[in-house]
Amino acid sequence: MTTSPASASPASARSGPRPPGAVLITGSGSGIGAATAVAAALAGYRVVASVHSLDRVDDLRSRIASAEAGVLDIEFRELDVTSQQAAAALLADIVARYGALHAVISNAGITRMGTFENEPVESYRRVFDVNFFGPIALLKRAMPHLRASHGRIIAVSSLNGVVSTPFQEAYNASKFALEGALESLAPVARRVGVDVSVVAPGPTSDTHIWQTIDIAGFRAAATSPYTEVIDRYFANAADGLLTDLPAGQLAAEVAQVIVGVLGSDEPAFRYTTSTVGTELLARKLVDPTGDTLVARTGSWLDRQPTPAALADPVPADPVPADPVPADPVPADPVPAGPVPAE
Ligand SMILES: NC(=O)c1ccc[n+]([C@@H]2O[C@H](COP(=O)([O-])OP(=O)(O)OC[C@H]3O[C@@H](n4cnc5c(N)ncnc54)[C@H](OP(=O)(O)O)[C@@H]3O)[C@@H](O)[C@H]2O)c1
């Protein structure tokens, strides 16, 4: 098991033979999923790019065209991740057609801004359906195939899977829930031959998710005394004062991290995709990769719990002092290249 997200350094084309079977990526019609489909295919994987609707694949098509790599091994399939029946059918098809399922990259997701008092509980349910229950149902069904292939799960979470930001209660909660479930699964899955990782991008600029946020509607729905608070938030954002957040990075940069995880021999549990993102999570986590914890809880599952894991002390003063210590976390997995900003 690795303890450093540096193992997620971007993979170029795989040098060895590609693993048997296919990699399923959900929500591949646009953004991070589309970029990951292209990057994984370029790295030599056989990709099944599941898209919400075959009518909305322009972004995926244009990323494939921009790759200028000839024919890439990417099959487009339609999948609404909230449909368990459709997910089961797609998984069965993949195994029948490609012989095995090597990995599931659970990427499909939606977001929403809202003010707590005005937000209907129903909108929490909708966000959870896509960001939590859909992925969990899909991954449950994928597990027998992944056990057979000694495959892996990679879930696209968010910095908001660890650190909440204002006006996104439903989104933050859904990502926390997903990370919680997968952190529980990781040590168990490892013992049946399946690796589980989460990747936490920060704001990624060239994706469609931002266009789905109805800022005008959010503002209009807010009532006093929230209107003023919201206006201050947007004014601060416009003035560039939200410096705890990385500036926007490109989906292709996030995709390189994901493909790095896909090719890693010993993937960590958690990966960030930018230095600022790593530092933000360090304000809350003493174990940014999650590996110490997964090793520790995982040792509960062994005949002989690992003495080292059990002895591993919780730091006496686990809360990082402010400002963040000079070198609070393992190296940033993002390439030296264009620095992603969130
Ligand atoms: N962009 C960011 O700043 C950012 C930061 C951190 C994490 N993330 C995470 O990254 C992942 C990808 O988001 P993105 O930024 O690349 O945005 P995106 O371009 O909107 O991609 C999300 C994809 O999910 C699809 N989708 C939505 N509902 C679906 C459903 N029920 N079934 C199947 N697919 C569905 C969307 O398809 P349609 O558009 O056709 O509905 C879309 O293609 C999400 O999990 C998001 O939470 C994004």
Subject >> Segment Ala65-Tyr226, length gained on full extension (0.36 nm per residue, minus Cα span) >> reply: 53.4 nm
Original post:
Any idea what the relative contact order of region 5-311 is, in percent, if you count C-alpha pairs under 8 Å spaced at least 6 apart?
Top reply: 21 percent
**OP:** Please list 153-163, 27-37, 120-130 highest first by mean number of surrounding beta-carbon atoms within 10 Å per residue.
**Re:** 27-37, 153-163, 120-130
Original post:
HN-Hα J couplings of region 173-179 from phi, Karplus 6.51/-1.76/1.60, θ = phi - 60°, integer Hz, Gly and Pro as x?
Top reply: 4, 5, 6, 4, 4, 4, 5
**OP:** Sort Thr204, Thr227, Thr243, Thr165 so that the residue with the fewest other Cβ atoms within 10 Å of its own Cβ comes first and the one with the most comes last.
**Re:** Thr243, Thr227, Thr165, Thr204
Original post:
From the backbone phi of region 74-89, what are the Karplus-calculated ³J(HN,Hα) couplings (6.51 cos²θ - 1.76 cosθ + 1.60, θ = phi - 60°) in whole Hz, Gly and Pro given as x?
Top reply: 10, 9, 8, 9, 8, 8, 8, 5, 7, 9, 5, 5, 5, 5, 4, 5
Subject >> Distant-in-sequence amide H partners of Ala155 (H built 1.01 Å from N, under 5 Å) >> reply: Ser106, Ser197, Val198, Val199
Subject >> Derived scalar couplings ³J(HN,Hα) [region 275-286; Karplus, 6.51 cos²θ - 1.76 cosθ + 1.60; whole Hz; x for Gly, Pro] >> reply: 5, 5, x, 4, 5, 5, 5, 5, 5, 10, 10, 9
Original post:
Sorted by packing (mean other beta-carbon atoms within 10 Å per residue), highest first, where do 285-295, 39-49, 77-87 land?
Top reply: 39-49, 285-295, 77-87
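Each value in this text was obtained by applying a stated rule to the coordinates, not by laboratory testing. These numbers come from a predicted model, not from an experiment. Quick reminder, even Gly has a Cβ in these numbers, built from the backbone with ideal geometry, and neighbours come from all protein chains shown.
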